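Asks: Have a look at this one.
The values are calculated or read from the model by the stated rules, or taken from the named source; none is laboratory data. In this text the structure is predicted, and so the values were computed from the model without any measurement. Virtual Cβ from ideal backbone geometry, glycine too; neighbours counted across all protein chains shown. These area figures cover heavy atoms from the full protein model, side chains too; ligands, DNA and RNA do not enter into them. Shrake-Rupley method; radii C 1.70, N 1.55, O 1.52, S 1.80 Å.
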Amino acid sequence: KRIGRFVGHKVIGDVHLGDWGLQMGLIIEELRDRKPELVYFDESYTGEYPTEAPFTISELEEIYPAASAKSKVDEAFKERAHQATLKLQKGYKPFRAIWDHILAVSVADLKKNYSNLNVDFDLWKGESDAEPYIDHMVQMLIDKGLAYESQGALVVDVAQEGDTKEIPPCLIRKSDGASLYNTTDLATMVWRMKDYNPDEIIYVVDKRQELYFTQVFRCARKTGIVKPETELKFLGFGTMNGKDGRPFKTRDGGVMRLEHLISGINEEMLAKIQENQKTKENLGISTEEAENTAKMVALAAIKYGDLSNQASKDYIFDIDRFTSFEGNTGPYILYTIVRIKSILNKYHGLGKDDSGAVIEAAHSKSEKDLMLELSKFNAVMESAFEETAPHKICSYIYDLANAFNSFYHGTKIMSEENETVQKSYIRLLELTKSVLETCIDVLGFSAPERM
(Lines give C-alpha, C1' and ligand atoms only; values in the text may rest on other atoms or scores of the structure.)
Protein backbone atom coordinates (compact mmCIF):
# COMPACT_ATOMS: atom_id res chain seq x y z
CA LYS A 1 0.00 0.00 0.00
CA ARG A 2 2.79 2.42 0.97
CA ILE A 3 4.88 1.63 -2.12
CA GLY A 4 1.83 2.02 -4.39
CA ARG A 5 1.02 5.42 -2.92
CA PHE A 6 4.64 6.50 -3.20
CA VAL A 7 4.77 5.75 -6.93
CA GLY A 8 1.54 7.70 -7.45
CA HIS A 9 -1.38 5.26 -7.28
CA LYS A 10 -4.56 5.72 -5.27
CA VAL A 11 -4.49 2.71 -2.93
CA ILE A 12 -7.09 1.57 -0.39
CA GLY A 13 -6.10 -0.90 2.33
CA ASP A 14 -8.80 -3.27 3.66
CA VAL A 15 -8.06 -5.63 6.55
CA HIS A 16 -10.84 -8.11 5.53
CA LEU A 17 -11.63 -9.79 8.85
CA GLY A 18 -12.67 -13.43 8.88
CA ASP A 19 -15.77 -12.74 10.99
CA TRP A 20 -18.49 -14.84 9.45
CA GLY A 21 -17.66 -18.53 9.40
CA LEU A 22 -17.76 -21.60 11.60
CA GLN A 23 -15.22 -20.10 14.03
CA MET A 24 -18.01 -17.79 15.28
CA GLY A 25 -20.38 -20.72 15.87
CA LEU A 26 -17.60 -22.59 17.69
CA ILE A 27 -16.99 -19.65 20.05
CA ILE A 28 -20.74 -19.20 20.71
CA GLU A 29 -21.27 -22.86 21.62
CA GLU A 30 -18.09 -23.07 23.74
CA LEU A 31 -19.31 -19.97 25.59
CA ARG A 32 -22.68 -21.67 26.13
CA ASP A 33 -20.93 -24.70 27.70
CA ARG A 34 -18.82 -22.49 29.98
CA LYS A 35 -21.38 -19.87 30.95
CA PRO A 36 -24.89 -21.28 30.31
CA GLU A 37 -26.35 -18.64 32.66
CA LEU A 38 -25.63 -15.80 30.18
CA VAL A 39 -28.79 -14.06 28.89
CA TYR A 40 -27.83 -14.81 25.26
CA PHE A 41 -28.73 -18.47 25.90
CA ASP A 42 -32.07 -17.75 27.65
CA GLU A 43 -34.69 -18.07 24.93
CA SER A 44 -37.33 -16.32 27.04
CA TYR A 45 -35.14 -13.20 27.47
CA THR A 46 -36.52 -10.13 25.67
CA GLY A 47 -34.53 -7.24 27.17
CA GLU A 48 -31.48 -5.35 25.88
CA TYR A 49 -28.20 -7.26 25.71
CA PRO A 50 -25.25 -6.14 27.86
CA THR A 51 -22.86 -3.55 26.38
CA GLU A 52 -19.87 -5.20 28.07
CA ALA A 53 -18.40 -8.36 26.52
CA PRO A 54 -18.66 -11.57 28.58
CA PHE A 55 -14.94 -12.27 27.89
CA THR A 56 -11.57 -10.52 27.57
CA ILE A 57 -9.22 -10.85 24.59
CA SER A 58 -7.05 -13.37 26.45
CA GLU A 59 -10.12 -15.48 27.34
CA LEU A 60 -11.27 -15.28 23.73
CA GLU A 61 -7.85 -16.47 22.57
CA GLU A 62 -8.18 -19.50 24.81
CA ILE A 63 -11.87 -20.21 24.01
CA TYR A 64 -11.41 -20.55 20.23
CA PRO A 65 -8.59 -23.17 20.16
CA ALA A 66 -10.40 -25.15 22.89
CA ALA A 67 -13.64 -25.10 20.85
CA SER A 68 -11.80 -25.97 17.63
CA ALA A 69 -10.11 -28.97 19.30
CA LYS A 70 -13.42 -30.11 20.82
CA SER A 71 -15.17 -30.01 17.42
CA LYS A 72 -12.62 -32.47 16.03
CA VAL A 73 -13.57 -35.18 18.55
CA ASP A 74 -17.17 -34.30 19.47
CA GLU A 75 -19.53 -34.57 16.48
CA ALA A 76 -22.56 -33.29 18.46
CA PHE A 77 -20.64 -30.16 19.49
CA LYS A 78 -19.52 -29.59 15.90
CA GLU A 79 -23.12 -29.86 14.68
CA ARG A 80 -24.26 -27.36 17.37
CA ALA A 81 -21.54 -24.94 16.15
CA HIS A 82 -22.79 -25.37 12.55
CA GLN A 83 -26.35 -24.57 13.61
CA ALA A 84 -25.15 -21.57 15.66
CA THR A 85 -23.26 -20.27 12.60
CA LEU A 86 -26.39 -20.59 10.45
CA LYS A 87 -28.52 -18.81 13.07
CA LEU A 88 -25.93 -16.02 13.32
CA GLN A 89 -25.85 -15.62 9.53
CA LYS A 90 -29.66 -15.48 9.42
CA GLY A 91 -29.68 -12.64 11.95
CA TYR A 92 -30.64 -14.39 15.24
CA LYS A 93 -30.45 -11.49 17.75
CA PRO A 94 -28.76 -13.10 20.80
CA PHE A 95 -25.96 -14.55 18.63
CA ARG A 96 -25.58 -11.24 16.78
CA ALA A 97 -25.05 -9.61 20.18
CA ILE A 98 -22.28 -12.12 21.10
CA TRP A 99 -20.80 -11.62 17.63
CA ASP A 100 -20.72 -7.84 18.17
CA HIS A 101 -18.73 -8.45 21.38
CA ILE A 102 -16.29 -10.82 19.63
CA LEU A 103 -15.67 -8.18 16.95
CA ALA A 104 -15.32 -5.24 19.35
CA VAL A 105 -12.83 -7.06 21.61
CA SER A 106 -10.81 -8.49 18.68
CA VAL A 107 -10.64 -5.29 16.63
CA ALA A 108 -9.55 -3.20 19.63
CA ASP A 109 -6.68 -5.67 20.20
CA LEU A 110 -5.79 -5.85 16.49
CA LYS A 111 -5.69 -2.06 16.18
CA LYS A 112 -3.37 -1.82 19.19
CA ASN A 113 -0.98 -4.41 17.74
CA TYR A 114 -1.08 -2.96 14.23
CA SER A 115 -0.36 0.50 15.63
CA ASN A 116 2.69 -0.93 17.46
CA LEU A 117 3.87 -2.12 14.03
CA ASN A 118 3.06 1.25 12.43
CA VAL A 119 0.48 -0.44 10.17
CA ASP A 120 -2.97 0.97 9.42
CA PHE A 121 -5.95 0.13 7.23
CA ASP A 122 -8.41 2.48 5.55
CA LEU A 123 -11.24 -0.04 5.82
CA TRP A 124 -12.01 -2.49 8.62
CA LYS A 125 -14.47 -4.56 6.63
CA GLY A 126 -15.09 -8.23 7.27
CA GLU A 127 -16.70 -11.18 5.52
CA SER A 128 -19.99 -10.15 7.12
CA ASP A 129 -19.98 -6.92 5.08
CA ALA A 130 -20.38 -9.03 1.95
CA GLU A 131 -23.60 -10.63 3.30
CA PRO A 132 -26.02 -8.07 1.67
CA TYR A 133 -24.57 -8.92 -1.79
CA ILE A 134 -24.69 -12.72 -1.51
CA ASP A 135 -28.30 -13.59 -2.47
CA HIS A 136 -28.34 -11.36 -5.54
CA MET A 137 -24.92 -12.66 -6.65
CA VAL A 138 -25.93 -16.33 -6.24
CA GLN A 139 -29.13 -15.70 -8.22
CA MET A 140 -27.08 -14.01 -10.97
CA LEU A 141 -24.80 -17.08 -11.22
CA ILE A 142 -27.85 -19.35 -11.50
CA ASP A 143 -29.58 -17.08 -14.06
CA LYS A 144 -26.45 -17.02 -16.23
CA GLY A 145 -26.43 -20.83 -16.18
CA LEU A 146 -22.94 -20.87 -14.62
CA ALA A 147 -23.80 -22.29 -11.17
CA TYR A 148 -25.28 -25.77 -10.90
CA GLU A 149 -26.07 -28.28 -8.17
CA SER A 150 -23.58 -31.00 -7.36
CA GLN A 151 -24.25 -33.37 -4.44
CA GLY A 152 -26.69 -30.81 -3.05
CA ALA A 153 -24.18 -27.94 -3.14
CA LEU A 154 -24.04 -25.09 -5.64
CA VAL A 155 -20.81 -24.97 -7.72
CA VAL A 156 -19.21 -23.21 -10.71
CA ASP A 157 -16.71 -25.05 -12.94
CA VAL A 158 -13.39 -23.20 -13.17
CA ALA A 159 -11.11 -25.81 -14.78
CA GLN A 160 -9.49 -24.62 -18.03
CA GLU A 161 -7.95 -26.32 -21.01
CA GLY A 162 -4.22 -26.69 -20.50
CA ASP A 163 -4.37 -27.01 -16.68
CA THR A 164 -1.48 -29.18 -15.56
CA LYS A 165 -3.19 -30.08 -12.28
CA GLU A 166 -6.83 -30.58 -11.34
CA ILE A 167 -8.65 -27.35 -10.41
CA PRO A 168 -11.85 -28.42 -8.60
CA PRO A 169 -15.13 -26.49 -9.08
CA CYS A 170 -15.63 -23.34 -7.00
CA LEU A 171 -18.14 -24.09 -4.22
CA ILE A 172 -20.69 -21.28 -3.91
CA ARG A 173 -23.14 -22.57 -1.31
CA LYS A 174 -23.23 -25.65 0.89
CA SER A 175 -26.13 -28.09 0.80
CA ASP A 176 -27.53 -26.63 4.08
CA GLY A 177 -27.57 -23.12 2.53
CA ALA A 178 -24.59 -21.83 4.52
CA SER A 179 -22.11 -19.40 2.99
CA LEU A 180 -18.46 -20.33 2.57
CA TYR A 181 -15.24 -18.33 2.18
CA ASN A 182 -15.76 -18.61 -1.59
CA THR A 183 -19.21 -17.05 -1.28
CA THR A 184 -18.07 -14.12 0.84
CA ASP A 185 -14.87 -13.56 -1.19
CA LEU A 186 -16.85 -13.37 -4.43
CA ALA A 187 -19.52 -11.14 -2.84
CA THR A 188 -16.71 -8.91 -1.48
CA MET A 189 -15.51 -8.50 -5.08
CA VAL A 190 -19.05 -7.51 -6.11
CA TRP A 191 -19.02 -4.81 -3.38
CA ARG A 192 -15.48 -3.61 -4.23
CA MET A 193 -16.26 -3.31 -7.96
CA LYS A 194 -19.51 -1.45 -7.21
CA ASP A 195 -18.01 1.03 -4.71
CA TYR A 196 -14.44 1.45 -5.98
CA ASN A 197 -14.12 -0.09 -9.47
CA PRO A 198 -10.38 -0.78 -8.92
CA ASP A 199 -7.84 -1.43 -11.69
CA GLU A 200 -6.18 -4.06 -9.51
CA ILE A 201 -6.91 -5.98 -6.31
CA ILE A 202 -3.94 -7.49 -4.44
CA TYR A 203 -4.60 -10.29 -1.95
CA VAL A 204 -1.88 -10.68 0.70
CA VAL A 205 -2.58 -14.12 2.15
CA ASP A 206 -0.78 -17.30 3.28
CA LYS A 207 0.76 -18.94 0.17
CA ARG A 208 -0.96 -22.25 1.05
CA GLN A 209 -4.22 -20.60 -0.15
CA GLU A 210 -2.98 -20.33 -3.74
CA LEU A 211 -5.23 -23.05 -5.24
CA TYR A 212 -8.24 -21.55 -3.45
CA PHE A 213 -7.56 -18.09 -4.90
CA THR A 214 -7.01 -19.58 -8.38
CA GLN A 215 -10.58 -20.95 -8.10
CA VAL A 216 -12.04 -17.67 -6.78
CA PHE A 217 -10.27 -15.47 -9.36
CA ARG A 218 -11.32 -17.72 -12.24
CA CYS A 219 -14.89 -17.79 -10.98
CA ALA A 220 -14.95 -13.96 -10.68
CA ARG A 221 -13.68 -13.63 -14.27
CA LYS A 222 -15.92 -16.29 -15.79
CA THR A 223 -19.06 -14.86 -14.18
CA GLY A 224 -18.26 -11.23 -14.97
CA ILE A 225 -18.07 -10.20 -11.30
CA VAL A 226 -14.83 -8.38 -12.20
CA LYS A 227 -14.17 -6.68 -15.54
CA PRO A 228 -11.65 -8.36 -17.89
CA GLU A 229 -9.19 -5.45 -17.41
CA THR A 230 -9.25 -5.60 -13.58
CA GLU A 231 -6.11 -7.37 -12.44
CA LEU A 232 -6.41 -9.86 -9.57
CA LYS A 233 -3.10 -10.58 -7.91
CA PHE A 234 -2.29 -13.15 -5.21
CA LEU A 235 0.71 -12.31 -3.03
CA GLY A 236 1.22 -15.46 -0.96
CA PHE A 237 3.51 -15.21 2.05
CA GLY A 238 5.55 -17.99 3.63
CA THR A 239 5.89 -19.13 7.23
CA MET A 240 7.98 -17.42 9.88
CA ASN A 241 9.96 -20.25 11.48
CA GLY A 242 12.04 -20.60 14.63
CA LYS A 243 15.72 -21.56 14.57
CA ASP A 244 14.64 -25.23 14.48
CA GLY A 245 13.09 -24.58 11.04
CA ARG A 246 9.55 -25.15 12.34
CA PRO A 247 6.79 -22.50 12.66
CA PHE A 248 7.76 -19.98 15.35
CA LYS A 249 6.55 -20.93 18.84
CA THR A 250 6.94 -19.70 22.40
CA ARG A 251 9.22 -21.59 24.81
CA ASP A 252 6.28 -23.67 26.06
CA GLY A 253 5.23 -24.55 22.49
CA GLY A 254 2.29 -22.15 22.07
CA VAL A 255 1.73 -19.59 19.34
CA MET A 256 3.70 -16.42 20.03
CA ARG A 257 1.53 -13.34 20.63
CA LEU A 258 2.69 -10.41 18.51
CA GLU A 259 2.78 -8.02 21.48
CA HIS A 260 5.04 -10.44 23.41
CA LEU A 261 7.36 -10.72 20.43
CA ILE A 262 7.55 -6.91 20.14
CA SER A 263 8.13 -6.34 23.87
CA GLY A 264 10.85 -9.05 23.91
CA ILE A 265 12.72 -7.34 21.07
CA ASN A 266 12.21 -3.90 22.68
CA GLU A 267 13.91 -5.20 25.86
CA GLU A 268 16.75 -6.72 23.86
CA MET A 269 17.35 -3.44 22.00
CA LEU A 270 17.18 -1.35 25.20
CA ALA A 271 19.86 -3.57 26.78
CA LYS A 272 22.06 -3.14 23.68
CA ILE A 273 21.62 0.65 23.66
CA GLN A 274 22.44 0.91 27.38
CA GLU A 275 25.50 -1.29 26.83
CA ASN A 276 26.50 0.95 23.91
CA GLN A 277 26.24 4.00 26.18
CA LYS A 278 28.63 2.50 28.70
CA THR A 279 31.26 1.90 26.05
CA LYS A 280 30.85 5.35 24.52
CA GLU A 281 30.86 7.16 27.89
CA ASN A 282 28.37 9.96 28.43
CA LEU A 283 26.27 10.02 25.32
CA GLY A 284 23.95 11.89 27.65
CA ILE A 285 20.90 9.85 26.60
CA SER A 286 18.07 9.98 29.16
CA THR A 287 16.20 6.80 30.11
CA GLU A 288 13.15 8.06 28.19
CA GLU A 289 15.18 8.72 25.03
CA ALA A 290 16.88 5.32 25.37
CA GLU A 291 13.47 3.60 25.64
CA ASN A 292 12.04 5.49 22.63
CA THR A 293 15.17 4.77 20.59
CA ALA A 294 14.96 1.08 21.58
CA LYS A 295 11.36 0.95 20.29
CA MET A 296 12.34 2.51 16.96
CA VAL A 297 15.29 0.17 16.50
CA ALA A 298 13.24 -2.88 17.57
CA LEU A 299 10.52 -2.02 15.03
CA ALA A 300 13.19 -1.67 12.33
CA ALA A 301 14.65 -5.05 13.36
CA ILE A 302 11.25 -6.79 13.12
CA LYS A 303 10.00 -5.15 9.93
CA TYR A 304 13.27 -5.25 8.01
CA GLY A 305 13.83 -8.83 9.20
CA ASP A 306 10.45 -9.80 7.78
CA LEU A 307 10.36 -7.65 4.63
CA SER A 308 13.92 -8.35 3.48
CA ASN A 309 12.85 -11.91 2.64
CA GLN A 310 11.01 -12.65 -0.57
CA ALA A 311 7.37 -12.76 0.60
CA SER A 312 6.59 -16.28 -0.61
CA LYS A 313 9.60 -17.91 1.05
CA ASP A 314 9.58 -19.41 4.54
CA TYR A 315 12.30 -17.89 6.69
CA ILE A 316 14.02 -18.27 10.04
CA PHE A 317 13.05 -15.58 12.53
CA ASP A 318 16.37 -15.21 14.32
CA ILE A 319 16.14 -12.47 16.95
CA ASP A 320 19.91 -12.39 17.50
CA ARG A 321 20.59 -11.82 13.82
CA PHE A 322 17.72 -9.36 13.27
CA THR A 323 18.79 -7.16 16.20
CA SER A 324 22.47 -7.07 15.21
CA PHE A 325 23.98 -3.69 14.28
CA GLU A 326 26.07 -5.39 11.62
CA GLY A 327 25.10 -7.16 8.41
CA ASN A 328 21.85 -7.03 6.45
CA THR A 329 19.59 -5.84 9.29
CA GLY A 330 17.24 -2.98 10.19
CA PRO A 331 19.51 -1.70 12.99
CA TYR A 332 22.46 -1.52 10.55
CA ILE A 333 20.38 0.66 8.18
CA LEU A 334 19.34 2.93 11.08
CA TYR A 335 22.92 3.10 12.35
CA THR A 336 24.00 4.35 8.89
CA ILE A 337 21.28 7.04 8.86
CA VAL A 338 22.22 8.15 12.40
CA ARG A 339 25.89 8.33 11.33
CA ILE A 340 24.92 10.68 8.45
CA LYS A 341 22.78 12.80 10.78
CA SER A 342 25.70 13.09 13.19
CA ILE A 343 28.08 14.37 10.45
CA LEU A 344 25.48 16.87 9.19
CA ASN A 345 24.86 18.12 12.76
CA LYS A 346 28.60 18.57 13.29
CA TYR A 347 28.95 20.47 10.01
CA HIS A 348 26.02 22.81 10.69
CA GLY A 349 27.10 23.10 14.35
CA LEU A 350 30.27 24.81 13.15
CA GLY A 351 28.08 27.55 11.65
CA LYS A 352 28.76 26.31 8.11
CA ASP A 353 26.21 26.74 5.36
CA ASP A 354 25.90 24.56 2.25
CA SER A 355 23.11 26.54 0.56
CA GLY A 356 23.71 26.95 -3.14
CA ALA A 357 26.14 24.00 -3.14
CA VAL A 358 25.95 21.35 -5.86
CA ILE A 359 27.16 17.77 -6.01
CA GLU A 360 30.34 17.80 -8.08
CA ALA A 361 31.73 15.01 -10.24
CA ALA A 362 33.04 12.18 -8.05
CA HIS A 363 36.46 12.67 -6.47
CA SER A 364 37.02 8.94 -5.76
CA LYS A 365 35.79 5.48 -6.73
CA SER A 366 33.83 5.08 -3.47
CA GLU A 367 32.07 8.42 -4.07
CA LYS A 368 31.20 7.41 -7.64
CA ASP A 369 29.84 4.04 -6.39
CA LEU A 370 27.63 5.88 -3.90
CA MET A 371 26.31 8.17 -6.67
CA LEU A 372 25.55 5.18 -8.90
CA GLU A 373 23.59 3.49 -6.07
CA LEU A 374 21.58 6.68 -5.50
CA SER A 375 20.69 6.86 -9.20
CA LYS A 376 18.87 3.48 -8.97
CA PHE A 377 16.22 4.79 -6.54
CA ASN A 378 13.32 5.47 -8.97
CA ALA A 379 13.74 2.19 -10.86
CA VAL A 380 13.85 0.21 -7.59
CA MET A 381 10.63 1.79 -6.29
CA GLU A 382 8.75 1.20 -9.55
CA SER A 383 9.93 -2.39 -9.83
CA ALA A 384 9.13 -3.12 -6.14
CA PHE A 385 5.51 -2.05 -6.74
CA GLU A 386 5.20 -3.76 -10.12
CA GLU A 387 6.39 -7.05 -8.64
CA THR A 388 4.76 -6.55 -5.19
CA ALA A 389 8.23 -7.07 -3.75
CA PRO A 390 9.17 -4.98 -0.67
CA HIS A 391 12.33 -7.13 -0.34
CA LYS A 392 13.73 -5.27 -3.38
CA ILE A 393 13.68 -2.02 -1.40
CA CYS A 394 15.44 -3.73 1.54
CA SER A 395 18.09 -5.11 -0.79
CA TYR A 396 18.56 -1.64 -2.31
CA ILE A 397 18.99 0.23 0.98
CA TYR A 398 21.45 -2.41 2.19
CA ASP A 399 23.57 -1.82 -0.92
CA LEU A 400 23.18 1.95 -0.50
CA ALA A 401 24.18 1.83 3.19
CA ASN A 402 27.26 -0.25 2.28
CA ALA A 403 28.20 2.19 -0.49
CA PHE A 404 27.85 5.13 1.92
CA ASN A 405 29.93 3.43 4.64
CA SER A 406 32.71 2.66 2.13
CA PHE A 407 32.69 6.33 1.06
CA TYR A 408 32.67 7.50 4.70
CA HIS A 409 35.62 5.29 5.71
CA GLY A 410 37.69 6.35 2.70
CA THR A 411 36.95 10.11 2.77
CA LYS A 412 37.92 12.84 5.23
CA ILE A 413 34.61 14.69 5.11
CA MET A 414 34.92 17.00 8.12
CA SER A 415 38.62 17.75 7.66
CA GLU A 416 38.40 18.48 3.90
CA GLU A 417 40.11 21.84 3.40
CA ASN A 418 38.63 22.73 0.02
CA GLU A 419 35.30 24.29 1.00
CA THR A 420 33.61 23.66 -2.37
CA VAL A 421 34.56 19.96 -2.25
CA GLN A 422 33.35 19.72 1.37
CA LYS A 423 30.03 21.34 0.44
CA SER A 424 29.65 18.82 -2.39
CA TYR A 425 30.24 15.97 0.11
CA ILE A 426 27.63 17.44 2.48
CA ARG A 427 25.12 17.72 -0.37
CA LEU A 428 25.78 14.07 -1.27
CA LEU A 429 25.22 13.08 2.39
CA GLU A 430 21.93 14.97 2.49
CA LEU A 431 20.75 13.19 -0.63
CA THR A 432 21.79 9.78 0.75
CA LYS A 433 19.96 10.49 4.03
CA SER A 434 16.85 11.61 2.13
CA VAL A 435 16.77 8.44 -0.03
CA LEU A 436 17.37 6.12 2.95
CA GLU A 437 14.68 7.86 5.04
CA THR A 438 12.18 7.77 2.16
CA CYS A 439 12.78 4.03 1.73
CA ILE A 440 12.41 3.15 5.42
CA ASP A 441 9.26 5.30 5.60
CA VAL A 442 7.80 3.25 2.75
CA LEU A 443 8.78 0.08 4.67
CA GLY A 444 7.00 1.49 7.74
CA PHE A 445 9.72 2.43 10.23
CA SER A 446 11.89 5.47 11.02
CA ALA A 447 15.33 6.40 12.40
CA PRO A 448 16.13 8.05 15.75
CA GLU A 449 18.37 11.12 16.07
CA ARG A 450 21.13 9.08 17.75
CA MET A 451 21.82 5.54 18.88
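Asks: Which pairs have Cβ atoms under 8 Å, sit 6 or more apart or on different chains, and link a residue in the stretch 149-175 that is within 16 Å of Glu210 (Cβ to Cβ) to one that is open to solvent by less than 50 Å² (accessible area, probe 1.4 Å) and assigned to a strand (DSSP E or B)?
Replies: Here the result reads Val158/Cys170; Cys170/Val155; Cys170/Val156, each pair linking the stretch 149-175 to a residue that is open to solvent by less than 50 Å² (accessible area, probe 1.4 Å) and assigned to a strand (DSSP E or B).
Asks: I'd like the full set of residues that are assigned to a helix (DSSP H, G or I), open to solvent by 80 Å² or more (accessible area, probe 1.4 Å) and not polar (S, T, N, Q), limited to the stretch 104-159.
Replies: Lys111, Lys112, Pro132, Asp135, His136, Asp143
Asks: Another one. Take the residues of the stretch 213-239 that are among the aromatic types (Phe, Trp, Tyr) and under 25 Å from Asp306 (Cβ atoms): which is most open to solvent (accessible area, probe 1.4 Å)?
Replies: Only one residue tops the list, namely Phe237.
Asks: Inspect the stretch 78-89 for any residue being among the aliphatic types (A, V, I, L, M), touching a residue at least 24 places away in the same chain (Cβ under 8 Å), open to solvent by 50 Å² or more (accessible area, probe 1.4 Å) and out of contact with any Ser or Thr (no Cβ under 9 Å at 6 or more places or on another chain) and give the result as yes or no.
Replies: No, because not a single residue in the stretch 78-89 is among the aliphatic types (A, V, I, L, M), touching a residue at least 24 places away in the same chain (Cβ under 8 Å), open to solvent by 50 Å² or more (accessible area, probe 1.4 Å) and out of contact with any Ser or Thr (no Cβ under 9 Å at 6 or more places or on another chain).
Asks: Scan the stretch 226-243 and give yes if some residue there is more than 22 Å from the chain's Cα centre (by Cα) and small (Gly, Ala, Ser), otherwise no.
Replies: no
Asks: Report, by residue number, each residue of the stretch 90-103 that is open to solvent by less than 80 Å² (accessible area, probe 1.4 Å) and either in contact with an Asp or Glu (Cβ under 8 Å, 6 or more places away or on another chain) or assigned to a helix (DSSP H, G or I) (or both).
Replies: Pro94, Phe95, Arg96, Ala97, Ile98, Trp99, His101, Ile102, Leu103
Asks: OK, next. Out of Glu259, Glu289, report the one residue that is surrounded by fewer than 18 Cβ atoms within 10 Å (Cβ to Cβ), closer than 25 Å to Lys111 by Cβ and either over 25 Å from the mean Cα position of the chain (by Cα) or touching a residue at least 12 places away in the same chain (Cβ under 8 Å) (or both).
Replies: Answer to the check: Glu259.
Asks: Tell me, yes or no, whether the stretch 411-419 has at least one residue that is farther than 30 Å from Glu289 by Cα and in a helix (DSSP H, G or I).
Replies: For the stretch 411-419, residues farther than 30 Å from Glu289 by Cα and in a helix (DSSP H, G or I): present.
Asks: Hey, another quick one. Does Glu210 meet the test of being open to solvent by 70 Å² or more (accessible area, probe 1.4 Å), part of a helix (DSSP H, G or I) and either charged (D, E, K, R) or under 30 Å from Ile12 (Cα atoms) (or both)?
Replies: It is true that Glu210 is open to solvent by 70 Å² or more (accessible area, probe 1.4 Å), part of a helix (DSSP H, G or I) and either charged (D, E, K, R) or under 30 Å from Ile12 (Cα atoms) (or both).
Asks: Which residue is nearest to the chain's Cα centre (by Cα), if the candidates are limited to the stretch 414-434 and must be open to solvent by 10 Å² or more (accessible area, probe 1.4 Å) and hydrophobic (A, V, I, L, M, F, W, C)?
Replies: Ranking the qualifying residues of the stretch 414-434, first place goes to Leu431.
Asks: Taking the stretch 14-36 as the search range and keeping residues that are within 26 Å of the chain's Cα centre (by Cα) and acidic (Asp, Glu), which one is least open to solvent (accessible area, probe 1.4 Å)?
Replies: Asp19
Asks: Something else now. Look through the stretch 197-207, keep the residues that are of a type in the set (A, V, I, L, M) and open to solvent by less than 40 Å² (accessible area, probe 1.4 Å), and return whichever of them is farthest from Phe385 (Cα to Cα).
Replies: So the residue we want is Val205.
Asks: Now for a different question. Across the stretch 339-383, what is the total count of residues that are more than 13 Å from Thr411 (Cβ to Cβ), open to solvent by less than 60 Å² (accessible area, probe 1.4 Å) and small (Gly, Ala, Ser)?
Replies: Qualifying residue count for the region: 3.
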